[in-house]
Every structure is written in C-alpha cells, then in structure tokens.
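No lab work stands behind these numbers, since they all come straight from the coordinates. Bear in mind that the values here come from a model prediction, so they are computed numbers and not experimental data. We place every Cβ from the backbone using ideal geometry, glycine too, and count neighbours over all the protein chains shown.
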Amino acid sequence: MPSVHVLIGPRPRGKLCRYDRPVSSPAETPRRTRMSRDARREQVLEIAQELFATQGYHHVSMDDIADQALVSKPVLYRHFPSKLDLYLAVVDRGGEALVSAVSMALEPVSGGAVEPGDGKAVVHALVRAYFGYVESAGQSASLLFESDVTRDDDVRARVESASAETARHISEVLEHYTGLPHEHNELVATALVGMAQIAASARHRGDGPYATMPVDEAAELVARVAWGGIKGLVRTEAPASND
C-alpha cells in the first residue's frame, strides 16, 4: 500500500490554498443619521454655504451638495426646489446673522437716555460688529458681500437687503445723536456700512500687509477713521425732552 505524505509546516512561499483568498465584503457606505426636518435643512444649509463659498455658485451642483450631506436628491429637492432657491436661503441665513450681530452690538447705545458722547460708541460698535461677523463667518462672508451671482435680480436683492437693513438700523440710532434730517442719516449710515464691510473683508482676504493685523486692532483703527469724519455731525448736547 503506498504511503501518504502529509506536509506539515509552512507552505512554500507564493503558494496559496483556496482558503487563503480574501473574503470580499460589500463596500461600506456612511450610515445616514435620521434627523428632524429642521435639523436636516440646517445641515444642508451649512454644507451648501461652505461649498458655494469655496467653489462658487456655478461650480457646485445639487449632486455635490446631496453627496456631502448624505441625502438623496429627492430629499434635497423637497427642502429646496432648485439650486438657486438653496443659494438664496444661504444668503438669507448670512444676512440674518449679520443684522443680528449689528443689532446686538448697537443695543447698549440704541435705547434709553441719549448721552452726547455716545455717538462715538455707535460708530465703534458698528465697525466691531462687521469685523466680528467676517471673522466668524470666514470665507462664507463673501456670499453676502461679493456674491458671484449678483446678475440675478433675486440674488442681488437679497445680498443688498442685509446691508440696507443694517444701514436703516444705524440711521435710526444716529438720529438720536445728530441734528441731521432722516435722509442724511440714511446716507451717513450707508457710508459707514460700506467702509466697515470693505475694510473687514479686505483684511480677512489678506489683500495687503494689514492681513496679519489683529482683528481688534484693525476694527479700532477703522472706527477711529470713521468717527473722525462723523463727529462733526453729532450734537454737543442731548436733545431737549418733549415731556
């Protein structure tokens, strides 16, 4: 009877048995977390804001946003019927954040008794609010200040509305401190908004040597320049009471 030889020990190098073949497994896909409708909408807005800010409106598709948000396109379109609708929602979100920041900054000097020296505080509060908003929003601030879709009437109106609302708020506060007519205060407020917006955006983009200037120092410098032009318009005495 022929003998049977059993090989004990390691197999020769390069030899694989059929049990050594790797077992294939289906590709793992990120697990989608169930969210409320509002939470999902907020998540989509966050992702869309980042993509629009970094890549531009025309280089981002709804497919890109759906992939990043881990949602299907039907779900995405239930929240936002079109890419333009989504972009407008992102712009509105940024505008609300800006108006809120300015309102909070002006709150200490927008009510109560009017003091002659408070005009300077108004100007400084506004400038600090704009620098703070840009610092917090980062590149996303460009969607509000430097949108690449402003040829569209709806987008242009939304982009301009935040600055206009901010200017109106500042104008109402300035009326307590200046003896100017309403329309003059509106124009002064618009000029203030433009100065603060351009300076804050330029510093954040790194357009010049001032890009490395600390944000508080930059805001203080711009506020001093703005106040230098406005202080001549401010009353030296508080307005007489109507009581």
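Assign unit charges at the C-beta atoms only (+1 for Lys and Arg, -1 for Asp and Glu), then state the dipole size of segment 92-233 relative to its Cα centre in Debye, rounded to the nearest 20.
Working: 11 positive and 21 negative charges, 73 e Å.
Computed charge dipole of segment 92-233: roughly 360 debye.
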TODO: Enumerate the calculated ³J(HN,Hα) couplings along segment 169-186 in order (Karplus 6.51 cos²θ - 1.76 cosθ + 1.60, θ = phi - 60°), each rounded to whole Hz, writing x wherever the residue is Gly or Pro.
DONE: 5, 5, 4, 4, 6, 4, 4, 6, 10, 10, x, 7, x, 4, 5, 5, 4, 4
Task: Cα-only radius of gyration and Dmax that characterise segment 92-233, units Å - done: 14.8, 44
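For segment 156-243, with only Lys/Arg (+1) and Asp/Glu (-1) charged at the beta-carbon, what is the dipole magnitude about the Cα centre, in debye rounded to 20?
Values: 8 positive and 12 negative charges, 70 e Å.
Dipole of segment 156-243, to the nearest 20 debye: 340 debye.
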- [ ] List the relative contact order of segment 92-233 as a percent without decimals, with contacts defined as Cα pairs under 8 Å and 6+ residues apart.
- [x] 32
Open item on the list: Using +1 at the C-beta of Lys and Arg and -1 at the C-beta of Asp and Glu, which of PHE80, LEU51, SER61 has the Cα lying farthest in the positive direction of the dipole of segment 36-81?
Closed with: PHE80
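Which whole number in µm²/s is D for segment 36-81 by Stokes-Einstein, with the Kirkwood Rh taken over Cα pairs at 4 °C and 1.567 mPa s? Don't skip to the end; give the middle numbers.
Values: Rh = 10.5 Å.
Rounded to a whole number, D works out at 123 µm²/s.
Once a ≥ b ≥ c are taken as the square roots of the eigenvalues of the Cα gyration tensor of segment 155-216, is the result rounded (a/c under 1.5), prolate (a/b larger than b/c) or oblate (a/b not larger than b/c)?
Working: a/c = 3.31, a/b = 1.70, b/c = 1.95.
It comes out oblate by the Cα gyration axes.
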Open item on the list: 5 Å is the cut-off here: which amide hydrogens, built 1.01 Å from N in the peptide plane, fall below it relative to THR178, excluding neighbours closer than 5 in sequence?
Closed with: ARG235
TODO: Mind checking the full-extension length gain between SER103 and ARG168? Use 0.36 nm per residue of separation minus the Cα-Cα distance, one decimal, nm.
DONE: 22.3 nm
